[in-house]
Amino acid sequence: MIDTPTCAHRGVFVTGTDTGVGKTLISAILAKAWQADYWKPLQTGVADEPGDTPSVAFLADMAPSRVHAPAVVLQAPLPPWAAAPLEGVRIDTHALTCPATHAPLVVEGAGGLLVPIDDDTMMIDLIGRLALPVILVARSGLGTINHTLLSLHALKAAGIAVAGVVMNGPPSPSNRLAIERFGGVPVMAEVPALDVVDAGSVAAMAARMPTLASVMEALAARP
Ligand SMILES: Nc1ncnc2c1ncn2[C@@H]1O[C@H](COP(=O)(O)OP(=O)(O)OP(=O)(O)O)[C@@H](O)[C@H]1O
Ligand SMILES: [Mg+2]
């Protein structure tokens with residue numbers, strides 16, 4: 001069932017400056033903080049690991065009804081564009097619509113913005129179609145200014161709203177300042193390197209997140 005208005009008005013798309021940057025952990029923290037549902041539309045690499053959906057369900061301690069199965073699951077640890085043909089799968093990107101829910105929705109992308117889904121569609125195109133504001137997960141350390149500003153540049157060029165950046169890793173006030181000053185978006189949260197990644201540490205971080213309402217109000221107030 002298609003429920004685009006719910007998708008558009010009460011959710012975020014969590015993307016990152018890179019693969020492995022912390023999107024799943026941040027998605028779990030936000031889902032916990034906002035009592036949100038979770039959906040990863042495109043999951044690759046399940047030949048090697050179970051995928052992000054069970055991780056988020058575990059980390060955010062979510063009821064199964066709040067966790068929506070991926071629309072596409074592919075074996076190879078490759079971008080969807082490369083993994084799908086290996087299994088004879090054709091991804092219908094126009095069929096990727098948000099699951100129906102009355103809860104807020106946290107949607108997690110695969111890799112970063114310019115990951116190809118098919119010959120005609122990049123991850124950033126899917127974000128634009130789903131019309132969700134973006135949470136951009138960035139590493140906190142050296143190199144993040146360039147990666148983050150490039151990602152923000154691409155999002156701005158595509159006309160996609162950015163609700164905020166989440167910096168993941170040991171806090172760097174200087175990098176935070178640079179991202180806010182040159183990127184023109186707020187760093188909505190910083191998540192330090194956690195000694196243990198489990199439901200307890202996710203709940204502790206969730207308690208430190210801003211509310212979804214405050215994030216959306218700040219976005220709406222931005223020029
Ligand atoms: N702040 C942190 N503290 C400790 N471990 C972390 C932190 N952030 C991420 N990790 C760990 O780093 C690994 C990669 O993080 P994660 O899976 O969230 O990245 P991702 O961006 O979702 O990757 P993918 O592109 O594969 O979806 C995981 O093992 C995760 O638990
Ligand atoms: Mg992930």
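Please treat every number below as a calculation from the coordinates, not as lab data. Remember, it's a predicted structure, so these values are computed and weren't measured experimentally. Every residue, glycine as well, gets a Cβ built from its backbone with ideal geometry; the counts of neighbours run over all protein chains shown.
Ranking of Glu180, Glu217 by neighbouring Cβ atoms within 10 Å, starting from the fewest: Glu217, Glu180.
Result for the chain in a Gaussian network model with C-alpha springs under 10 Å: among Leu142, Leu74, Leu155, the largest mean-square fluctuation is at Leu142.
In order along segment 84-100, the Karplus-derived 3J(HN,Hα) couplings, from 6.51 cos²θ - 1.76 cosθ + 1.60 at θ = phi - 60°, round to 5, x, 4, 10, x, 9, 10, 7, 8, 5, 6, 8, 7, 10, 4, x, 6 Hz, and Gly and Pro are given as x.
The value of relative contact order for segment 78-223, using C-alpha pairs under 8 Å at least six residues apart, is 17 percent.
Can you sort Lys32, Lys156, Lys23 so the residue with the fewest Cβ neighbours within 10 Å comes first? Provide the component values of the computation, followed by the final result.
Working: Lys32 24, Lys156 14, Lys23 27.
Listed from fewest to most nearby Cβ atoms, that is Lys156, Lys32, Lys23.
The modelled label-to-label distance for the pair Asp119/Lys156, using points 7 Å beyond Cα in the direction of Cβ, is 3.4 nm. Once you've got the GNM for the chain with C-alpha springs shorter than 10 Å, pick whichever of Gly20, Gly112, Gly11 has the biggest mean-square fluctuation. Comparing Gly20, Gly112, Gly11 in the GNM, the peak value goes to Gly20. Can you give me the C-alpha center-to-center distance between segment 44-95 and segment 195-223, rounded to a whole angstrom? Computed from Cα coordinates, the inter-centre distance equals 24 Å. With the simple spin-label model, which puts each label point 7 Å out from Cα in the Cβ direction, the Ala95 to Ala63 separation comes to 2.9 nm. Taking every DSSP beta bridge that has both ends in segment 11-221, the antiparallel portion is near 5%. Across all C-alpha atoms in segment 11-221, the radius of gyration and Dmax reach 16.1, 47 Å. With semi-axes defined as the square roots of five times the eigenvalues of the C-alpha gyration tensor, the equivalent ellipsoid of segment 151-223 measures 24, 16, 11 Å, largest first.
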